[in-house]
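The values are calculated or read from the model by the stated rules, or taken from the named source; none is laboratory data. Only a predicted model underlies this, so the values are computations on that prediction, with no experimental measurement involved. Positions of Cβ are generated from backbone atoms using ideal geometry, with glycine treated the same way; all protein chains shown enter the neighbour counts. Heavy atoms of the whole protein, side chains included, go into the accessibility calculation; ligands, DNA and RNA do not. Shrake-Rupley method; radii C 1.70, N 1.55, O 1.52, S 1.80 Å.
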Amino acid sequence: MKEIFQIVRAEVIKQHRNSFHSYGVYFTLLIWPIVVFFNAYYSYKPFNLSQGPWNTFASQEDIIMFLITGFLGYISFKSLLQSAFYMGHERINGTLETIFLTPANRIAIIYGRAFGALIENIWMFSVFCVFVTVWIRRIPVESLIYIPISFIVLIVSAAVWGGLMNVIFLFSRDASFLMAVFDEPMILFSGVRMPTFVFPIWAKIISALFPLTYALMIVRPLLIEGSLSASLQGIYKLLISLLLIVSLTLWLLKKAEKNARKNGNFVFY
Amino acid sequence: MLIANNLCKVYQLKERKGLFGPKTLKEIMAVNDVSLEIKPGQIIGLLGINGAGKTTTIKMLSALLEPTSGSFSINGIDGIRYPQEIKRIVNVITGGERNIYWRLTARENLEYFASLYNLPRHKLNDSIDELLELVDLKEAADMPVERYSKGMKQRLQIARGLVNDPKFLFLDEPTLGLDVAIAKELRNHVRHLAEKRNKGILLTTHYITEAEELCDWIYVIDKGCIIATGTPSELAYSTKMNTNILVSIPELTSGVKKEIYEIAKVHQAKIEFQENTTDVSVSISAQENLTGQLAHILTSNGLPILHLKIIEPRLEDALIQLSYGGDSIERNISNCESRSYKATS
């Protein structure tokens, strides 16, 4: 366990040192999600929100909370897709092969990489979200505990998702098409900008494939309604989803290294 | 001790004609029946032209690649069954500027890679300081690698290759692209690692002088097969290349000429005489070094040697002959055994 912790720690520190070397990086990490969030919010603003799916929300503040939780989740998951995409740089630099030259625990490397990217990418937007949440909701003291719980749910589920993305990019140098496959469909089908219950059946089936859907099913009741019981249904679904993703990640990881030992493809780029 | 027996590596390449054309499977034998041994403290050379199979051999021995057949063990550990154990006791240093993080400092690079070997944290800092000292990067330790010169990056590569204090070190063209002074410095490091730290080293290089200077034993590989083995000097002589002797003497009597012809006949040497205005040049070319016998004839006849030049066979020439062919070597690419031979002194 100590060994795994040391590797995860090394991976997080390396990610930070290798990717975040100026304040400008952090600035863009804050500005970009805020712009995307306001873009979505003001896209709905001209319409009559007392009609359609939005009439389930009591107020404008609820809609803001709906969108901001959706975007926090989306940014978390998307940042890991981007981080996995940068695995290509490791191939080009030869560092990917150098990592696999070591006996380091591969699972620790994969999740350390995901965890490191996640923390770096979302902390500024998270601060913004907390600020907005507290500001518009005037959250009662007894519900404040739901804020860290929501973050834990998002971070764990995003890290598990990131682990899978890392392994897929480890497996193939041609995995960049996943950016197109996962990015826009995730924002649409996971219910980032609109509730999933308005979807037709076929779209609900697709949304069931994304763990972000279940993460938002937990986080939104906690932060919008302050209701733990309403989020319980999502917990089971999320746990099953994450379990399946971890199993798939481990299986692919084993297969990826076996494949690399057979074909020597960690140096192909 | 590292023992490799009959290692083979076949790559399977899938090729498709056009976007929707049928896939064809092509097999490429990168390494064919390679056997070698490395003892602790020894520097072993693996020489060959581009695409000969040197890097693939190193990758198999470092457990990055799985051999298609054959076996190897390091200090009794089966390399095929226990690749992770092998990775703890070996490391690879490659030439060039890749394999390190340019935006990190030397110290940060070493900290990261050392952590992957689970070096205890209390030992980590001391060990990294020692490595930085060894490769003379202590003063630049906290500077981003992107600001380093090529030589500094290569020295950092060496330090990275030593973070796990490997028992065996594989150097894949470590002086590639370095200037002569830095390359010399690196060779000194390599010699130090073998002699003082008792590391078994496998070196691949295209610089023959480097192999001559460092290697205790050399394997010559071509098209995946080991085609010759021996010490550098054994290999140089083994390809039946001649030693040329050029000697200048003041005059040449018929008696001396006759004696020289006699030894040339015995040793099947080529001989040439050239009379100049002030002296006579004698040139003898034979597989054996006839300097002693020639000097004996001249001195016993009271002829002073004005000038003597001995051109011995060079490893470089031997390798060119081995790799690109020559009359004296039987070449049979499809069968390694029929073309391989062992050099004897």
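A few remarks follow.
- Filter pass, A:L253 being at pLDDT 85 or above and either touching a strand residue (DSSP E or B) at 6+ places or on another chain (Cβ under 6 Å) or away from chain B (no Cβ under 13 Å) (or both): yes
- For segment A:14-42, the candidate set comprises residues that are within 14 Å of chain B (Cβ to nearest Cβ) and at pLDDT below 75; within that set, the residue that is surrounded by the fewest Cβ atoms within 10 Å (Cβ to Cβ) is A:S22.
- Residue match in segment B:53-71 (condition: farther than 19 Å from B:I227 by Cα, touching a residue at least 60 places away in the same chain (Cβ under 8 Å) and more than 14 Å from chain A (Cβ to nearest Cβ)): yes
- B:T277 meets the conditions (1) within 28 Å of B:A318 (Cβ to Cβ); (2) open to solvent by 40 Å² or more (accessible area, probe 1.4 Å); (3) modelled with pLDDT under 85 in every case but one. The failed one is (1).
- Test for B:L110: is it among the aliphatic types (A, V, I, L, M), more than 30 Å from B:G53 (Cβ to Cβ) and modelled with pLDDT of 85 or more: yes
- Residue in segment B:115-130 that is farthest from A:I109 (Cα to Cα), counting only those that are outside any loop (DSSP other than H, G, I, E, B) and hydroxyl-bearing (S, T, Y): B:S127
- Every pair of residues 6+ apart whose Cβ atoms lie under 9 Å, when the first sits in segment B:114-130 and is at positive phi and within 12 Å of chain A (Cβ to nearest Cβ) while the second is open to solvent by less than 30 Å² (accessible area, probe 1.4 Å) and part of a loop (DSSP other than H, G, I, E, B): B:N118/A:P103; B:N118/A:A104
- Restricting attention to segment A:69-95, the residues that are farther than 19 Å from A:A180 by Cβ, surrounded by 24 or more Cβ atoms within 10 Å (Cβ to Cβ) and not hydroxyl-bearing (S, T, Y) add up to 3.
- Only residues that are surrounded by fewer than 21 Cβ atoms within 10 Å (Cβ to Cβ) and of a type in the set (S, T, Y) were counted in segment B:74-97, giving 1.
- Qualifying positions in segment B:98-111 - open to solvent by 10 Å² or more (accessible area, probe 1.4 Å) and within 9 Å of chain A (Cβ to nearest Cβ): B:R98, B:N99, B:W102, B:R103, B:T105, B:E108, B:E111
- One residue from B:E262, B:E288, B:E234 being of a type outside the set (V, I, T), part of a helix (DSSP H, G or I), open to solvent by 30 Å² or more (accessible area, probe 1.4 Å) and closer than 30 Å to B:I49 by Cβ: B:E234
- Residue in segment A:157-165 that is open to solvent by 30 Å² or more (accessible area, probe 1.4 Å) and either assigned to a helix (DSSP H, G or I) or out of contact with any helix residue (DSSP H, G or I) (no Cβ under 7 Å at 6 or more places or on another chain) (or both) present: no
- Close pairs (7 angstrom Cβ cut-off, 6 or more residues apart or separate chains): touching a residue at least 12 places away in the same chain (Cβ under 8 Å) in segment B:193-214, open to solvent by 10 Å² or more (accessible area, probe 1.4 Å) and assigned to a strand (DSSP E or B) anywhere: B:T204/B:D172
- Of all residues in segment B:154-188 being under 13 Å from B:D136 (Cβ atoms) and over 16 Å from the mean Cα position of the chain (by Cα), the one that is surrounded by the fewest Cβ atoms within 10 Å (Cβ to Cβ): B:A181
- Among residues of segment A:91-106 that are more than 7 Å from chain B (Cβ to nearest Cβ), those with a Cβ under 6 angstrom from a residue that is of a type outside the set (S, T, N, Q) and buried (at least 20 other Cβ atoms within 10 Å of the Cβ), sequence gap 6+ or separate chain, pair up as A:L96/A:E90; A:L96/A:F266; A:N105/A:I7; A:R106/A:L253.
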